[in-house]
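Worksheet: the structure to be examined is printed underneath.
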Amino acid sequence: MEWRDTGILLGTRKHGESGLILDVFTPGHGRHAGIVRGGASRRQAPMLQPGAQLDLAWRARLEDHMGTFTAEPQRARAAIAMSHRVTLAGLNAVTALLTFCLPEREPHPGLYRRTETLLDLLDQVTLWPLAYLRWELALLEEMGFGLDLSCCAVTGATEGLTHVSPKSGRAVTRAGAGAWADRLLPLPEVLLGHGAAEDAEIVQALGVTGHFLSHHLAASLGDRPLPAARAAFVERLDRQARR
Amino acid sequence: MSRRNDPIEALIELMARLPGLGPRSARRAVLYLIRKRAALLVPLAAAMQAVADSARPCLNCGNVGTSDICEICQSEARGNGLLCVVEDVADLWAMERSGVFRGRYHVLGGTLSALDGVGPDELRIPQLLSRIEAEGVSEVILALNATVDGQTTAHYIADQLEDRVALSSLAQGVPIGGELDYLDDGTITAALNARKRL
């Protein structure tokens with residue numbers, strides 16, 4: 001068995017003294033693991049940092065074997081991410097969430113493209129939190145828990161949307177919410193593509209996506225807790241917003 | 001007597017577990033030791049027994065020594081207000097090898113890792129926070145690896161110590177003797193971002 005693809009490195013684990021098990025996200029083969037011999041060596045270790053874009057060749061005797069990777073670097077992103085606290089925390093959140101929710105060997109080319117675009121924006125520190133929020137919405141959509149913010153679930157109105165149903169993920173107007181308003185999630189304008197997309201508002205919007213990630217997506221994956229890296233990113237962004 | 005109970009085979013089996021050694025190289029090493037019994041094997045066995053009896057982690061910094069408080073922590077000359085935070089004892093020993101740093105150390109015992117589920121409570125971060133005031137530390141140098149996990153840990157510690165003490169980190173860039181042509185993109189990016197005026 002053999003294939004060649006590009007991929008984003010999500011994480012590594014040591015294998016023996018000098019080998020690494022790579023966990024990568026590829027457009028054609030989804031999330032895929034494989035061993036890189038000598039991956040922990042001084043020559044290869046710097047390029048095998050999470051977020052790196054790699055040219056991958058995978059080989060195995062049988063399809064269900066873990067197999068081995070030959071990995072050539074295309075773009076390193078860790079150094080760019082490390083230059084700013086928010087983007088470093090963001091890179092951790094992206095790789096941790098993908099590792100958390102993607103099944104192995106199931107292609108998600110749309111989500112892959114969104115992820116590659118997001119990671120290529122790591123040097124745009126001011127734009128990145130908004131790009132991350134859009135990516136999380138895309139992740140929910142891809143996993144089958146997308147939000148429908150196009151019109152009110154009660155009245156059908158497309159204007160004056162102020163809340164989100166925590167169950168259906170559909171938008172609701174204030175009038176439509178009525179006495180149920182305090183049981184609904186607030187809908188920040190940034191989720192509708194309006195407003196200045198300040199960090200504070202993005203944090204509020206991440207609270208909404210976080211609800212669906214933890215109560216719907218994580219619940220469907222055996223009720224595991226969301227990766228701590230996501231909470232750390234939101235906390236980091238919140239801290240930046242308060243300054 | 002089975003081969004497993006043979007002390008020579010047992011020694012080979014144990015040596016083969018050491019980093020960098022396999023069964024064949026362990027066998028060669030054991031044969032060499034047996035041939036140099038008086039000059040090497042006996043003193044080595046005595047030295048290993050002595051280390052096994054006395055080696056322990058320093059209760060203050062996490063370094064490995066032969067007493068509860070290591071020599072570096074005991075030295076008053078090194079209590080100059082500088083505290084260097086490293087990931088592992090091997091990093092501390094590497095810093096000491098250079099002979100440049102004359103302050104004290106704090107060994108975290110790892111880095112935060114989302115993938116491996118290592119959080120702040122698994123590392124010696126609470127002990128670090130308590131040392132800052134107890135030892136009158138004026139500057140903390142974060143000498144952590146230039147990896148995603150290492151820098152995530154550095155930022156976390158920086159958050160905890162912000163406004164309490166001066167913080168610095170090791171520079172990142174072109175190594176001494178390094179040629180640009182052979183450097184990875186990330187190192188060149190870091191070196192360019194950290195360029196200094198001549």
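Table: residues versus (1) closer than 20 Å to B:Thr189 by Cα; (2) of a type in the set (A, V, I, L, M); (3) modelled with pLDDT of 95 or more; (4) under 21 Å from the mean Cα position of the chain (by Cα).
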residue: A:Leu10; (1), (2), (3), (4): no, yes, yes, yes
residue: A:Leu22; (1), (2), (3), (4): no, yes, yes, yes
residue: A:Thr26; (1), (2), (3), (4): no, no, yes, yes
residue: A:Leu54; (1), (2), (3), (4): yes, yes, yes, yes
residue: A:Ala79; (1), (2), (3), (4): yes, yes, no, yes
residue: A:Leu97; (1), (2), (3), (4): no, yes, yes, yes
residue: A:Arg105; (1), (2), (3), (4): no, no, yes, yes
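Could you list all residues from the range B:11-30 that are outside any loop (DSSP other than H, G, I, E, B) and among the charged types (D, E, K, R)? Show your work before the answer.
We begin by selecting, within the range B:11-30, every residue outside any loop (DSSP other than H, G, I, E, B); these are B:11-15, B:23-30.
Answer for the range B:11-30, where residues must be outside any loop (DSSP other than H, G, I, E, B) and among the charged types (D, E, K, R): B:Glu13, B:Arg24, B:Arg27, B:Arg28.
All of B:Ala166, B:Ala146, B:Ala190 fail the test of being out of contact with any helix residue (DSSP H, G or I) (no Cβ under 9 Å at 6 or more places or on another chain) and not polar (S, T, N, Q), apart from B:Ala166.
Of the helices (runs of 4 or more DSSP H) lying entirely inside the range A:77-161, those containing at least 1 residues that are away from every other protein chain (no Cβ under 11 Å) and touching a residue at least 40 places away in the same chain (Cβ under 8 Å) span A:85-101, A:109-120, A:128-142. Among the residues of the range A:106-130, those identified as among the hydroxyl-bearing types (Ser, Thr, Tyr) and surrounded by fewer than 21 Cβ atoms within 10 Å (Cβ to Cβ) are A:Thr117, A:Thr126.
Yes/no per residue for (1) more than 11 Å from chain B (Cβ to nearest Cβ); (2) buried (at least 17 other Cβ atoms within 10 Å of the Cβ); (3) in contact with a helix residue (DSSP H, G or I) (Cβ under 7 Å, 6 or more places away or on another chain); (4) touching a residue at least 24 places away in the same chain (Cβ under 8 Å):
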site	(1), (2), (3), (4)
A:Ala196	yes, no, no, no
A:Ile202	yes, yes, yes, yes
A:Leu206	yes, yes, yes, yes
A:His211	yes, no, no, yes
A:Ser214	yes, no, no, no
A:Leu217	yes, yes, yes, yes
A:Arg230	no, yes, yes, yes
A:Val234	yes, yes, yes, yes
A:Arg239	no, no, no, no
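The set of residues from the range A:29-80 being closer than 14 Å to B:Thr147 by Cβ, buried (at least 17 other Cβ atoms within 10 Å of the Cβ) and of a type in the set (D, E, K, R) comprises just one member, A:Arg77.
If you go through the range B:141-198 and keep only what is assigned to a loop (DSSP other than H, G, I, E, B), within 10 Å of chain A (Cβ to nearest Cβ) and β-branched (Val, Ile, Thr), you end up with just B:Thr147.
Apart from one condition, B:Glu139 fits all of (1) touching a Ser or Thr at 6+ places or on another chain (Cβ under 7 Å); (2) outside the structural domain of B:Val89 (by TED's automatic domain parsing); the exception is (2). Can you find even one residue in the range A:34-56 that is in contact (Cβ under 8 Å) with a residue 60 or more places away in the chain and not assigned by TED's automatic domain parsing to the domain that holds A:Tyr132? For the range A:34-56, residues in contact (Cβ under 8 Å) with a residue 60 or more places away in the chain and not assigned by TED's automatic domain parsing to the domain that holds A:Tyr132: present.
Of the residues screened, A:Leu184 is not one that is within 20 Å of the chain's Cα centre (by Cα) and in the same structural domain as A:Pro109 (by TED's automatic domain parsing). Please specify each residue of the range B:68-95 satisfying the condition of being free of Cβ contacts under 8 Å to residues at least 24 places away in the same chain and within 26 Å of B:Glu122 (Cβ to Cβ). B:Asp68, B:Ile69, B:Cys70, B:Asp88, B:Ala90, B:Trp93, B:Ala94, listed by residue number. Taken together, the residues in the range A:203-243 that are part of a loop (DSSP other than H, G, I, E, B) and under 19 Å from A:Asn92 (Cα atoms) amount to 4.
The values are calculated or read from the model by the stated rules, or taken from the named source; none is laboratory data. Every value quoted in this text rests on a predicted model; they were computed, and no experiment measured them. Please note: Cβ atoms are built from the backbone with ideal geometry, for glycine as well, and neighbour counts cover all protein chains shown.
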